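Just so it is clear, none of the values below were taken in a lab; they were calculated from the coordinates. The shown structure was predicted, so the numbers you read here are calculated from the model rather than taken from an experiment. When we count neighbours, we look across all protein chains shown, and the Cβ atoms used for this are built from the backbone with ideal geometry, even at glycine.
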Amino acid sequence: MVNKKKVVLFIVIIILIVVALSIGYFLFGSSYGKSNLEKVVINNPMLEIIGMNTDESGNVDTETVVNEGIINFDENYIKYIILSMGASKLHSSVIYGKAKLELVLDDEVWGVEIDRGMSVSKSLIEDPDLRIVMTKREAVLALLSSDIKKYMKDSVSNKNTGIEMISGKVELFSKGYLDMYKELTGEEIEVE
């Protein structure tokens with residue numbers, strides 16, 4: 001009888017371990033630590049404007065470049081900024097779905113969805129995970145900086161850019177946001 005009880009207990013423990021591993025797999029997804037975005041090299045969308053406003057000796061009319069950048073602001077600017085901030089580490093979650101960001105730039109709202117690629121639209125996005133608030137001028141200045149990730153980190157620490165976590169920590173973790181958040185703010189978020 002003792003051996004039968006031990007066998008039953010052993011089987012129950014094995015089943016519990018398999019169930020726990022299955023829950024973890026479905027909660028955090030099989031792609032944790034992997035990016036669903038293909039490695040893509042994109043050019044800074046400001047290059048053409050910079051080229052048109054550079055004289056023969058290489059001097060750039062920075063204020064004109066910034067103003068034209070604000071006027072010509074489009075989804076390519078958003079993609080470049082988001083990718084530079086570490087969005088290639090974001091992925092969908094089996095339980096929570098696609099990674100969704102909302103960018104508020106002056107009076108415009110841009111929605112970004114990440115799931116095997118990036119979709120950007122100039123519209124509200126339903127149930128965003130993270131909201132980034134900044135001016136178009138700040139976004140253009142970030143695009144003009146030599147190190148956009150450092151510029152954005154400084155912009156966040158100087159309160160020129162705001163980051164609001166809307167979804168819960170477990171959901172943000174399951175989609176890969178916490179590493180990006182830590183890189184931008186210097187704050188480590190513990191998943192409870």
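Data table
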quantity	calculated
Within the chain: Cβ-based charge dipole about Cα centre, in debye rounded to nearest 20 (Lys, Arg +1; Asp, Glu -1)	1620
Gyration tensor (alpha-carbon) shape descriptor, the range 93-192, a/c threshold 1.5	oblate
Which label in (1) 21.9, 93; (2) 16.9, 49; (3) 17.5, 54 gives the computed Rg and Dmax of the Cα atoms in Å	(1)
Selection from Val65, Gly186, Val18 lying farthest towards where the dipole of the chain points positive, charges on Cβ	Val18
Among the listed pairs Lys4/Lys169; Lys136/Lys169; Lys5/Lys169, those beyond 32 Å (Cα-Cα)	Lys4/Lys169; Lys5/Lys169
Helix-derived mean residue ellipticity, 222 nm - over the chain, DSSP H n ≥ 4, -39500 (n - 2.57), to 500	-14000 deg cm²/dmol
Of the DSSP H helices in the chain, those whose Cα atoms cover at least 20 Å axially and whose Kyte score averages 1.0 or more	2-28
Farthest positive-ward along the chain dipole, Cα basis, beta-carbon charges - from Asn53, Leu9, Gly111	Leu9
